[in-house]
Amino acid sequence: MVVPEDRGKVLAQVDELVGNGSARSIEYRIVRKDGVARLVRSTPVPQYGSDGALVGYDGLLQDVTDLRVLEDQLAQAQKLQSIGRLAGGVAHDFNNLLTAILGNAELALLDLSDDQPAQESVREIVKAAERAASLTRQLLSFARKQIIDPVPLDLSAVVAGSIEMLRRLLGEDVEIMAELDEGLDIVKADPGQVQQLLVNLTVNARDAMPDGGRLAIETANLTVGDEYRSVHPDVAPGRYATLAVTDTGTGMGEDVLAHLFEPFFTTKRQGEGTGLGLATCHGIVEQSGGRIWVHSEVGLGTTVTVLLPVAEGVARPVGETSISLPPPTGTETVLVVEDDASVRRLAVLGLRSNGFTVLEAANAAAALELATTSTAPIDLLVSDVVMPGMRGPELAARLRALRPATRLLLVSGHAETNEAFRDDDGRVIQLLPKPFTPDCLAHKVREILDTE
């Protein structure tokens, strides 16, 4: 049965056939006998008698429902990919600026005593820069270019360890119910990103329930086969751990759902949100090899479902902390290579103030010349990843060939993973994300120099 709203299309095609002897193909919706709605394409096929005269038309009816769904998914993926490239590029350049702002503010604070009025102003600069850095991290998450450290995780344990924090965050008028699978399969993901994912999803749910409501968080194992892929064809077959967040809020219509993962798209009033929450979630899940989608009905609420592929390994305990680092002082020689003059100056000043001997170069060619002509030892190379002429990883390989004992640290505001770069021996080259402060850089340098 043709749905009532589309019957006019069908009648118009018949009128065109009668009046012109031909008609264009059209698409319209039908409802099958089993109640399932489908989209079909109707193409008139002329039939001729033995004398060559036109005797009538047959209608070729083709079910194009799945084809149109796949086309829409492809168009959305291409749009998000294009926006992601733009966002990643902007975030990379912006992180250079933030490194200079944060670092110089930190150096200025060291020269200011507590009774100087300027100290409060500089601290406000630091706070504003840190908020901006948080935005760029979200942009990089959306663009799937944030530096991550994936480890084996139990999603149920992560959620269980976050419940009390979420209760304080969401407020007393949101009732949180958790149904967590204690036998959940292990996934491999960055713990910080999973926490950010959980917070973003639950805060969005809270905002959809302005008068309070119920929030359900569920985890479960899922094996994706042909039946599941008939509904979600973009999900590869295999085993997944799922995280579902369901609210009893206002819900969303198709017009909102179509733009949900686009950065800066928001239904909130100006000043109430950045529009990066779900875009960030999309990037985090995609970067972890998973899938995310949203089911929502106006007035009934929303469910966001996340699938992460199962991985091998023993889950890291929730809340595990790293060992405190020693004071970041030293006398070793560090070669800093950075094409951005502000960032290079900051790194050099910060390391020298902590006792290190610092050589500096604006590009890879100058760095290699220093390594060739200098008789002093170079204990560590600190190099930006993206530079004109030669990238940091290539410089690291060529410098190692000249000075095999030199240790390596790459700095970037735009990298896929902290395991993206390896030396000639297959060892992972450490990465420090931008923006960083002089103290943060010195700690990382000290850490690498002290590692066997």
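For the subset of the stretch 212-222 comprising residues that are in a strand (DSSP E or B) and more than 10 Å from Val245 (Cβ to Cβ), which member is nearest to the chain's Cα centre (by Cα)?
Only one residue tops the list, namely Thr219.
Between a residue in the stretch 385-401 that is of a type in the set (Lys, Arg) and any residue that is at pLDDT 90 or above and part of a helix (DSSP H, G or I), which pairs come within a Cβ distance under 8 Å, given they are 6 or more apart or on different chains?
Hits for this filter: Arg391/Ala364; Arg398/Ala364; Arg398/Leu368.
For the stretch 351-398, give me each residue that is closer than 23 Å to Pro328 by Cα and acidic (Asp, Glu).
Answer for the stretch 351-398, where residues must be closer than 23 Å to Pro328 by Cα and acidic (Asp, Glu): Glu360, Asp379, Asp384.
I'd like to check something: does the stretch 374-390 contain any residue that is aliphatic (A, V, I, L, M), assigned to a helix (DSSP H, G or I) and either touching a Leu at 6+ places or on another chain (Cβ under 7 Å) or surrounded by 15 or more Cβ atoms within 10 Å (Cβ to Cβ) (or both)?
No - not one qualifying residue is present in the stretch 374-390.
Restricting attention to the stretch 391-408, which residues are over 36 Å from the mean Cα position of the chain (by Cα) and surrounded by 12 or more Cβ atoms within 10 Å (Cβ to Cβ)?
Arg403
How many residues does the stretch 33-46 hold that are under 40 Å from the mean Cα position of the chain (by Cα) and either assigned to a loop (DSSP other than H, G, I, E, B) or not charged (D, E, K, R) (or both)?
So in the stretch 33-46, the residues under 40 Å from the mean Cα position of the chain (by Cα) come out as 35-41.
After this cut, where a residue has to be either assigned to a loop (DSSP other than H, G, I, E, B) or not charged (D, E, K, R) (or both) as well, the list is 35-37, 39-40.
Total satisfying the criteria: 5.
Starting from the stretch 56-82, take each residue that is over 14 Å from Ala258 (Cα atoms) and list its partners that are modelled with pLDDT of 70 or more and assigned to a helix (DSSP H, G or I), counting only C-beta distances under 8 angstrom and pairs at least six apart or across chains.
Tyr57/Leu17
Within the stretch 171-194, restricting attention to residues that are under 23 Å from the mean Cα position of the chain (by Cα) and not β-branched (Val, Ile, Thr), which residue is nearest to Ala220 (Cα to Cα)?
Asp185
Step by step: first the residues of the stretch 413-439, then only those that are among the hydrophobic types (A, V, I, L, M, F, W, C) and crowded, with 18+ Cβ neighbours inside 10 Å, then the one that is modelled with the lowest pLDDT. Which residue is that?
Result: Ala415.
The values are calculated or read from the model by the stated rules, or taken from the named source; none is laboratory data. Model, not experiment: these values are computed from the prediction. Cβ: placed from backbone, ideal geometry, glycine included. Neighbour counts: every protein chain shown.
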